[in-house]
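Comments concern the structure below.
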Amino acid sequence: MEQTTQKPVEKTEVKQPTQDIISRAKLLEAGTYFGRRPSVWNPKMKPYIYGKRNGNHIIDVSKTQKSLEYAFKMIQKASSKGAKFIFVGTKKQAKNIIEEQAKRTNSPYVSERWLGGTLTNQQTIFRSVRKLEELEQKQASGYPGWTKKEGLEADKKIAKLHKNLNGIRYMHQTPQIMIVASPLVDDIAIKEARKKGVKVFGILNTNGNPDDVDFGIPSNDASVKSLTLILTVLADAIASGRGEKQLFAYQSDENIVLPEDPKKENSDEPKKFVKRSQTEEAKEEKEEK
């Protein structure tokens with residue numbers, strides 16, 4: 001009887017990226033190193049500060065690079081296991097990129113106003129969504145039996161509900177991970193995430209508090225360009241975990257095209273910072289309750 005020799009099974013080696021997640025040059029180009037004035041800094045951010053220039057703190061881009069890669073791997077792993085995500089960024093500079101990357105990854109998002117109870121009292125949100133759907137149905141049929149004034153008032157109500165609910169109207173379960181563009185601004189969202197055990201990944205400027213998030217990325221949170229770079233890489237992690245295309249992560253610099261910042265957005269004089277919980281919208285929301 002002829003003997004057959006069995007060939008050893010060849011193992012396919014999983015290749016790890018040999019280049020940086022984002023080059024230092026691209027991080028510098030995006031202005032991720034721009035910090036706040038020392039007068040408003042949080043001492044807990046000291047390990048991530050390189051020094052001072054023109055009266056402002058400078059963020060150490062090597063720390064940004066390392067933190068971003070760590071966050072990428074954590075999110076990628078969670079995504080590969082089917083985790084659900086929510087993007088939050090109500091700051092003017094973050095709104096468009098938050099919505100863009102959330103839609104790209106088929107994730108819910110909040111870019112206009114965080115409604116109290118979005119995570120902690122979802123039944124209230126579901127009721128608002130049902131109200132929106134009912135009004136939309138009446139609108140589509142021309143508001144039968146309604147006066148013109150009633151129809152106009154309903155149109156305004158629909159517009160308001162759309163603005164606040166559009167990103168979360170199809171969120172049917174609590175996400176496991178929240179990605180926040182500016183934790184100091186969206187503090188209410190983070191408080192709700194904490195109560196529900198949702199892990200928070202956030203971008204921290206030199207006035208940020210690392211204790212507010214589970215995983216922080218030290219970076220400029222006041223620039224469209226830097227926010228676009230960081231948030232796209234975090235969205236890449238979600239996509240990568242699902243076997244989908246990455247746009248910025250581990251790509252060559254020439255393949256990463258960033259938007260231009262509006263004029264004066266990165267001026268040395270920082271804008272007055274207001275927490276989300278201190279805004280007029282938050283006060284109105286409290287009165288409505």
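The values are calculated or read from the model by the stated rules, or taken from the named source; none is laboratory data. Predicted model, so just to flag it, every value in this text is computed and none were measured. Here Cβ is always computed from backbone atoms with ideal geometry, including for glycine, and neighbour counts include all displayed protein chains.
Things worth noting here:
- Residue under evaluation Lys163, criteria (1) of a type outside the set (A, V, I, L, M, F, W, C); (2) in contact with a strand residue (DSSP E or B) (Cβ under 9 Å, 6 or more places away or on another chain); (3) touching a residue at least 24 places away in the same chain (Cβ under 8 Å), criterion not met: (2)
- Residue within segment 55-68 that is at pLDDT below 95 and surrounded by 10 or more Cβ atoms within 10 Å (Cβ to Cβ) present: yes
- Checking Lys163, Lys195, Lys225, Lys157 one by one, the residue that is surrounded by fewer than 16 Cβ atoms within 10 Å (Cβ to Cβ) and touching a Leu at 6+ places or on another chain (Cβ under 7 Å) is Lys157 and no other.
- Cross-chain or 6+ apart pairs with Cβ under 9 Å, segment 249-269 first and of a type in the set (Val, Ile, Thr), then assigned to a loop (DSSP other than H, G, I, E, B) and at pLDDT 95 or above: Ile256/Ile22; Ile256/Ser23; Ile256/Ala30; Ile256/Leu247; Ile256/Phe248
- Residues satisfying the stated conditions in segment 93-121, i.e. polar (S, T, N, Q), crowded, with 18+ Cβ neighbours inside 10 Å and touching a residue at least 60 places away in the same chain (Cβ under 8 Å): Gln93, Gln101, Thr105, Ser107, Thr118
- Test: residue in segment 207-217 that is in contact with an Asp or Glu (Cβ under 8 Å, 6 or more places away or on another chain), in the same structural domain as Tyr109 (by TED's automatic domain parsing) and surrounded by 15 or more Cβ atoms within 10 Å (Cβ to Cβ): yes
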